[in-house]
Each structure stands twice: as C-alpha cells, then as structure tokens.
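Presented below is the structure to which this report refers.
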Ligand code: NAD
C-alpha cells in the first residue's frame, strides 16, 4: 500500500474523518467536506528580465463557502503542490469556522522559486495570478492573503491588478495589504501574537510559569520571529531557533531581537552563533524538535513531527504555529506520551482573525486602533481555546479532534440550512 503519511491532503482527510466519526454526520456530507468545492489550476506565463517567457503552474483551491466567502493565503515556492494547497484550503475552512468568522476556506499557490526572481519578475508573476483567477476573486467571493514567500508588497500588486481589471476600488479583496492601501499594521505580527496567546493559555493549563519556561521554535520567518519576540517579552526563555539552513541552541537563552538583527545581516541563523552573547551551539532542525523543553513551536512547514520522530519529542506541549506540522500518526504517539498538542487551526488563527478585522474595516471604511485589534484578537483566541478544551474534555479526546468537532459541525449545520447534503 502507498505510504501517504507525508501527503498533507491525505492527512487533512484523516483528521476530518477522526472528528466526523464522533459526529452524527452522513456519508454524503463527509464526502462533500472531504473535497474542495472548486479546484482551479492554470499556467501563468511571465516575461522574464532577459526577454524570455517562462510559465509557472498555479492553483486556487476553494474548499467550502457555506459560512461566507472563501478565504485563504497564496503561497509561492518550489515545493508547492496541488495536494498541499488542497490540504491548506481545507484547514482554512476549519480555522475560520472555529474562530467564528463569516468565511469559508481556500488557498492558492504558485510553483516557483521566488528567491531567483527580480522584483519586476515577481510583480509580473503576482499580477499574472490575478489575471488568471480574477473572475473567482472579490470581497464577497474569495479573499486571498499572504502566506509563505508572499507579503504585503505582493498583495499591493495583486490588489492593483484586480482593481484595474474590474474597474473599481475593492480593498476588501485582499488582506495583508500595506497600510496605505487599507491594510492594518497589526496584520503582520498577528499570527505570532495569536500563537503567543495560545502558548499563554497552554502554560496556564499545564501550570507552567513563563519566567521559568523554556521554548524552542522551528522556523524564523514572519510567524516564528513574532512569536519569539512576544514570548521573550513575557519572560519565556527561547533556547533554540531555526531556519531552513539549521538551528542555534543555547540553554542560557537566545535574544530574538539579536537573532533577527544577525539573520538580517548574515542571511542564516547558523551564522549567528554569537548573536545572543552566550555562544550558541549549531544543531540540526531534527535535533531542535527533540530538545527537552516546555513548549515546542513548529512554525515552518508541514510534516515536521511524524511517526518517525514523535517518540523522541521531549516537550511538555507542542503548539502548532505552522500549518500541518504534526501528522495524525504523530498526534497518536504524542497523546500516548501525554504531550499536549495545540492544533494549528486554533494556534495559528491569529492571522486570519486579523485579516477578518482588516476586511471588516475595508467594508466599513472605518479603522480601529492597533490596541483594539490586539485586544479583540487575544479575546477571540482565548475564547476558542477554552471552547476547544471543553469540547475535547466532553469527548475524552485531544484538542485537535475537539477543535474539529466544533469547526466541522458549524460548517455542516450551515450546509444543511442551505438545503445541502
Ligand atoms: P515565512 O516564509 O515568513 O517563514 C518560514 C520560515 O521557515 C523561514 O524562516 C524558513 O527559513 C523556515 N523554514 C523553511 N523550511 C524549513 C525547514 N525545513 N526547517 C526549518 N525551517 C524551515 O513563512 P511564515 O509566514 O512565517 O509561515 C510559516 C508557517 O506558518 C507556514 O506553515 C504558514 O502556512 C503558517 N502560517 C502563516 C501565517 C501568516 O500569517 N504568515 C498564518 C497562519 C499560518
């Protein structure tokens, strides 16, 4: 039999099945929830700076819109695949539902290596994506946002292209935009901040005090850097940090600010051994995951904690800040080892919650203060954490299944009310 354990879409379906086995849900409805409503794929031709034309395979997967317009980021990268984007789209459906947002779930991607592009090529690629999918996007249809290797600048080009093609202003079509185009400053730190709130709730649950707690973070991009800064600010000692090139480790603790400064200057964390004052050791990403630490935070990519290494995880809790870092097989092992796992659909929902605030403000043309955004965001994550924990207790199950029970039943109810399966 084929080994599907590293196929994110197969894993997403397994997680859904684990929850629906506990829900009164018919086969027809399970079938509908297991597949995207719409799978769009197309090649994007891009004129390169040397005059040649290259084509890049792209996707927009719209999983479910029973609760509201499709919502989900666009990822650029050489590893992007149809199944990865399908999994991410499904996870978005559960994430927006769990947070109580009026959105469904979607995701997009382009197979490319953005590091090899000039700014002008990246702009043409971004605009090309909108040209392909313009008919399917809009503030009340499908609202993209940044994801891995995309950012506010990419959203600005995409919004501009969308508004040129449709002939009207529609800032609510994209979230994660620059502030000058209707974005909100607090969108950038929002996922890391939401992750920090989830860690705080986890610490309370495990009776860990931040001042004595240790944390290791895999991935030092948008999410990992902000999570590190907020955690360190609250007193957590960050003992290891990593990027795709390797990890640094120091029992004395690493200053995220120094690490960010050094990584910006030198390019990789592995070149930042002295950044924290006390010399750090260089370890691998695999070793980072197996450190003896209170809170382990995978904040890079899928399939990092698997059946292969779950038995060697030594953390008291794993807080999933990446999408899909912990596989269903690993979940089972961690449960046996009594390691608390806070699922991605809850722990990294700060980004989409802030995106929701951005969309609301665009629709109203009325903007809140950052303080208001952070305070509402914190309240929503803490509320979803408490409800998830309660649901997990009711069913004597883990928090991922608890989160799915809440999220899936809300979507299933909306489908039924619409007269569907
Ligand atoms: P990013 O591109 O800013 O950063 C990714 C980081 O992961 C980089 O530091 C990169 O070097 C590192 N990385 C890549 N491969 C690695 C590997 N094999 N081992 C260790 N590190 C590796 O991306 P991001 O926005 O920080 O997103 C990280 C994760 O969080 C993704 O799974 C993303 O889908 C998820 N997420 C992001 C947001 C958001 O608002 N940015 C919201 C929800 C979920």
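Before moving on, here are some points about what is shown:
- Inspection of region 79-97 identifies at least one residue that is farther than 20 Å from residue 39 by Cβ and under 17 Å from the mean Cα position of the chain (by Cα).
- All positions within region 178-188 that are assigned to a helix (DSSP H, G or I), modelled with pLDDT of 95 or more and either within 15 Å of the ligand (Cβ to nearest atom) or crowded, with 21+ Cβ neighbours inside 10 Å (or both): none
- The residues listed here are 223, 154; of these, the one that is part of a helix (DSSP H, G or I) and more than 9 Å from the ligand (Cβ to nearest atom) is 154.
- Restricting 172, 194 to those that are modelled with pLDDT of 95 or more, within 16 Å of the ligand (Cβ to nearest atom) and assigned to a helix (DSSP H, G or I) reduces the list to 194.
- Those residues of region 209-220 which are in a strand (DSSP E or B) and within 16 Å of the ligand (Cβ to nearest atom), in sequence order: 215, 216, 217, 218
- Within region 18-37, the presence of a residue that is touching a strand residue (DSSP E or B) at 6+ places or on another chain (Cβ under 7 Å) and within 22 Å of residue 152 (Cα to Cα) is excluded.
- Per-region count, region 215-228, residues crowded, with 24+ Cβ neighbours inside 10 Å and touching a strand residue (DSSP E or B) at 6+ places or on another chain (Cβ under 8 Å): 9
- Among the residues making up region 267-295, those that are more than 13 Å from the ligand (Cβ to nearest atom) and either within 22 Å of residue 203 (Cα to Cα) or not assigned by TED's automatic domain parsing to the domain that holds residue 342 (or both) are 290, 291, 292, 293, 294, 295.
- Hey, residue 220 under 19 Å from the mean Cα position of the chain (by Cα) and farther than 28 Å from residue 124 by Cβ or not: yes
- Matching residues in region 236-250 - criterion: being within 14 Å of the ligand (Cβ to nearest atom) and farther than 11 Å from residue 217 by Cα: 244, 245, 246
- Any chance residue 231 is part of a loop (DSSP other than H, G, I, E, B), away from the ligand (no atom under 11 Å from the Cβ), touching a strand residue (DSSP E or B) at 6+ places or on another chain (Cβ under 8 Å) and at pLDDT 95 or above: no
- Test result for residue 58, within 24 Å of residue 421 (Cβ to Cβ) and surrounded by 24 or more Cβ atoms within 10 Å (Cβ to Cβ): no
- The set of residues from region 308-345 being assigned to a helix (DSSP H, G or I) and either over 22 Å from residue 197 (Cα atoms) or more than 14 Å from the ligand (Cβ to nearest atom) (or both) comprises 310, 311, 312, 328, 329, 330, 331, 332, 333, 334, 335, 336.
- Exactly one residue among 81, 97, 118 is out of contact with any strand residue (DSSP E or B) (no Cβ under 7 Å at 6 or more places or on another chain) and buried (at least 21 other Cβ atoms within 10 Å of the Cβ), and that residue is 97.
- For first residues located in region 9-23 and surrounded by fewer than 21 Cβ atoms within 10 Å (Cβ to Cβ), partners that are modelled with pLDDT under 90 and lie 6+ apart or on another chain with Cβ distances below 6 Å form the pairs 10/4.
The values are calculated or read from the model by the stated rules, or taken from the named source; none is laboratory data. None of the values given here were measured: they were computed from a predicted structure. When we count neighbours, we look across all protein chains shown, and the Cβ atoms used for this are built from the backbone with ideal geometry, even at glycine.
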